[in-house]
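One structure is given below, encoded as structure tokens.
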């Protein structure tokens with residue numbers, strides 16, 4: 001009876017997620033193609049800010065993709081070296097270009113996180129002849145030649161205050177093949193892209209690797225100072241712009257692309273684990289009650305269905321008769337819906353469809369990551385990233 005209650009609750013939860021949670025599992029919206037981005041007077045100036053900390057290995061591959069943009073308007077690039085120890089600034093300066101300016105971030109105040117402080121230096125440096133649009137992009141992100149043209153077209157034609165793209169994440173090995181698509185899937189579950197773009201809803205989010213924002217909206221919202229200490233800087237920025245970017249609330253857009261790519265590949269379990277544990281407990285507002293509720297919810301959603309199927313089969317095999325059939329049917333239905341919602345993401349990443357059936361395993365691993373994030377917080381190692389602990 002206990003198993004039956006749990007598995008029915010799990011099925012009800014999956015039906016609600018599948019049919020009533022903003023279609024979070026669909027790979028929409030997507031950035032318009034370049035040939036659709038035409039028109040006169042469409043190309044305002046853009047200032048690109050690239051925060052870089054220990055990125056010397058990847059900059060020769062990614063920085064030229066920004067310098068070679070086919071953009072009709074004025075373009076300037078401000079790369080901010082965030083106290084790197086690997087010669088990042090030297091590598092950046094060796095890639096000589098008239099539109100590129102390499103800055104060194106001053107000492108970081110304690111109330112700022114490193115990335116936001118670096119972004120703030122780029123924004124401040126661009127104030128002279130300030131462009132109306134700011135593009136924040138990570139140093140490991142590679143852009144197609146028409147990337148900025150397409151981002152600006154989306155912002156202008158859609159009257160968006162913020163346009164952000166979920167960059168394509170590279171992966172190698174079994175664990176990365178499973179966990180990288182699951183990372184994007186869970187992100188979309190937390191921040192359904194359709195609801196993010198709906199000005200009538202409070203749901204707000206962004207993907208920090210590629211964010212185009214109107215300077216006026218950022219200033220109207222109070223600037224990066226308003227979120228100076230945020231560890232989840234991208235979603236904090238999306239929330240700031242949607243709530244305060246214009247009178248009545250800013251307009252934001254979050255979409256998918258295969259063209260804007262993280263050039264740093266995830267190999268195996270460790271890189272994904274480090275990425276998630278840095279902010280998972282922060283996402284729960286460092287609340288132990290929310291942690292308990294989240295773990296319980298993850299168990300109900302991802303662990304109960306396969307366990308119910310296994311329990312029902314075992315019950316029937318070892319003498320329980322047909323009474324084990326109901327948990328198998330209900331648990332199997334939950335598992336099927338689970339796989340159905342994960343399948344579009346698996347296809348998006350060009351992986352075998354059968355991998356979608358392993359979402360329960362990914363859910364268990366992400367639950368363990370969340371618990372580990374809380375453990376690190378207790379040990380004083382929460383928010384560790386690139387040699388800093390916040």
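The values are calculated or read from the model by the stated rules, or taken from the named source; none is laboratory data. Worth saying up front: this structure is predicted, and the values here are computed from it rather than measured. All Cβ positions, glycine included, derive from the backbone under ideal geometry; neighbour counts span all protein chains shown.
One table, with the values for the structure above:
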quantity: Failed item, numbered, when residue 61 is tested on (1) modelled with pLDDT of 95 or more; (2) touching a helix residue (DSSP H, G or I) at 6+ places or on another chain (Cβ under 9 Å); (3) in a helix (DSSP H, G or I); calculated: (2)
quantity: Cβ-Cβ under 7 Å pairs, at least 6 apart or on other chains, the range 271-288 side surrounded by fewer than 17 Cβ atoms within 10 Å (Cβ to Cβ), far side not in a helix (DSSP H, G or I); calculated: 282/231; 282/232; 282/383; 283/232
quantity: Enumerated helices (runs of 4 or more DSSP H) restricted to the range 80-169, each holding at least 3 residues that are touching a residue at least 40 places away in the same chain (Cβ under 8 Å), over 20 Å from residue 225 (Cα atoms) and assigned by TED's automatic domain parsing to the domain that holds residue 227; calculated: 147-157
quantity: Any hit, the range 258-270, residues being surrounded by fewer than 20 Cβ atoms within 10 Å (Cβ to Cβ), over 24 Å from residue 116 (Cα atoms) and free of Cβ contacts under 8 Å to residues at least 24 places away in the same chain; calculated: yes
quantity: Flag for residue 76 being under 26 Å from the mean Cα position of the chain (by Cα), in contact (Cβ under 8 Å) with a residue 40 or more places away in the chain and not in a helix (DSSP H, G or I); calculated: yes
quantity: Boolean, residue 238 is assigned to a loop (DSSP other than H, G, I, E, B) and crowded, with 23+ Cβ neighbours inside 10 Å; calculated: no
quantity: Test: residue 274 is in a helix (DSSP H, G or I) and in the same structural domain as residue 192 (by TED's automatic domain parsing); calculated: no
quantity: Among the candidates 100, 79, 75, 15, residue that is within 30 Å of residue 340 (Cα to Cα), at pLDDT 95 or above and touching a helix residue (DSSP H, G or I) at 6+ places or on another chain (Cβ under 9 Å); calculated: 15
quantity: Which numbered condition residue 47 misses (of (1) in contact with a strand residue (DSSP E or B) (Cβ under 6 Å, 6 or more places away or on another chain); (2) under 19 Å from residue 142 (Cβ atoms)); calculated: (2)
quantity: Helices (runs of 4 or more DSSP H) enclosed by the range 172-229 - at least 3 residues per element that are at pLDDT 95 or above, touching a helix residue (DSSP H, G or I) at 6+ places or on another chain (Cβ under 6 Å) and buried (at least 21 other Cβ atoms within 10 Å of the Cβ); calculated: 174-190
